[in-house]
1. I'd like the full set of residues that are touching a Lys or Arg at 6+ places or on another chain (Cβ under 8 Å) and buried (at least 20 other Cβ atoms within 10 Å of the Cβ), limited to the range 111-143.
2. Filter the range 67-99 down to residues that are among the polar types (S, T, N, Q), farther than 19 Å from Gly26 by Cβ and surrounded by 13 or more Cβ atoms within 10 Å (Cβ to Cβ), then give me how many there are.
3. Would the range 194-215 turn up any residue that is farther than 24 Å from Glu118 by Cβ, assigned to a strand (DSSP E or B) and modelled with pLDDT of 95 or more?
4. Filter the range 66-100 down to residues that are of a type in the set (Val, Ile, Thr), touching a residue at least 40 places away in the same chain (Cβ under 8 Å) and over 26 Å from Gly206 (Cα atoms), then give me how many there are.
5. Please go through (1) surrounded by 19 or more Cβ atoms within 10 Å (Cβ to Cβ); (2) part of a loop (DSSP other than H, G, I, E, B); (3) out of contact with any helix residue (DSSP H, G or I) (no Cβ under 6 Å at 6 or more places or on another chain) for Val102 and return the number of the only condition it doesn't satisfy.
6. Please name all residue pairs, on different chains or six or more residues apart, with Cβ atoms under 6 Å, provided the first residue is in the range 146-163 and is in contact (Cβ under 8 Å) with a residue 24 or more places away in the chain and among the charged types (D, E, K, R) and the second residue is surrounded by 14 or more Cβ atoms within 10 Å (Cβ to Cβ) and not in a helix (DSSP H, G or I).
7. Can you tell which of Thr257, Thr233 is assigned to a loop (DSSP other than H, G, I, E, B) and closer than 19 Å to Ala35 by Cα?
8. Taking the range 280-306, which residues are part of a loop (DSSP other than H, G, I, E, B) and without any contact (Cβ under 8 Å) to a residue 24 or more places away in the chain?
Amino acid sequence: MKLLVVGSVAFDAIETPFGKTDKILGGAATYIGLAASVMNVKSGIVSVVGGDFPQTDLDMLSDRGVNIEGIEIVKEGKTFFWSGKYHNDLNTRDTLITEVNVLENFDPKIPASMQDAEILLLGNLHPGVQLSVLEKMEKRPKLVILDTMNFWMDSALDILMEMVKKTDVITINDEEARQLSGEYSLMKAAKKIHEMGPQFVIIKKGEHGALLFHEGKIFAIPALPLEEVFDPTGAGDTFAGGFASYLARKKSVSFETMKAALIVGSAMASFTVEKFGTERLQEITAEDMNRRIKEFKELTTFEVEV
């Protein structure tokens, strides 16, 4: 299956207790596209960058098998830029700078080569932009995966709810799930969100793993314990990319396949946090992924005599 990714290709400047960076490659679509390349899945990115975006980064994505025909270059504009500083626990951060730049007037253009994509992953963008992508698809993809955040719940709730209705899988964190549903219990929250439209609800819990809900069934996974965590930026996007790429590889969107996809997504995200930005994702191979998935299997497989 082809995977179409719509989201930001951007610059980040990151500071954590372990160091800091100048402007480096970032953006949700970038992390997702790199995750797809590790899984050897045909993917394409729809995004926009400014004239300041390096051709070398576009070439890197293309060389890794990511279709970049949908990345518009506004030569007179500047690329989206975000700067943030993480606290000691790495679970909280302060946004220092957000420069929307060319993303402010982003009008997605779906290239003909990606119109037949079976899986559409809508990265964290204004829900109006996400809706416009669906309207521009000649044929509705078999699976629409939505990522969103509490900012859109605060500022564009009505149009976000329209988007949620048209979504098959929604992936949000526990805080966002509680805000969207108005329920503190994550089980009650998932049930309410399910009633809003999505067949599958994924609630990410950071270092505590993730939950998958579908028609009264629940699947839970832990996060892989790591010796070193340098930078959590992009981990959620990488998770979504690994998840969607596994479904594309298996050509299946069943609950059982999604359970395995959840583990693949979590394994992929565990690499991202080991270095700053996309650096680690650009290094890993399919063999690295296989070893890490085996680690997950050993972590979660057990027998109990009752």
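1. If the condition is that a residue be touching a Lys or Arg at 6+ places or on another chain (Cβ under 8 Å) and buried (at least 20 other Cβ atoms within 10 Å of the Cβ), then Met114, Ala117, Ile119 are the ones that fit.
2. Adding up the residues that qualify gives 1.
3. The answer is yes, given that some residue of the range 194-215 is farther than 24 Å from Glu118 by Cβ, assigned to a strand (DSSP E or B) and modelled with pLDDT of 95 or more.
4. 2
5. Tallying (1) surrounded by 19 or more Cβ atoms within 10 Å (Cβ to Cβ); (2) part of a loop (DSSP other than H, G, I, E, B); (3) out of contact with any helix residue (DSSP H, G or I) (no Cβ under 6 Å at 6 or more places or on another chain), Val102 fails exactly one: (2).
6. Pairs found: Asp147/Gly123; Asp147/Asn124; Asp147/Thr171.
7. None of the others qualify; the one that does is Thr233.
8. Arg280, Glu283, Thr301, Phe302, Glu303, Val304, Glu305, Val306, listed by residue number.
The values are calculated or read from the model by the stated rules, or taken from the named source; none is laboratory data. Values in this document were obtained by computation on a predicted structure and should not be read as measured data. Here the Cβ is made from the backbone with ideal geometry for all residues, glycine too, and neighbour counts use every protein chain on show.
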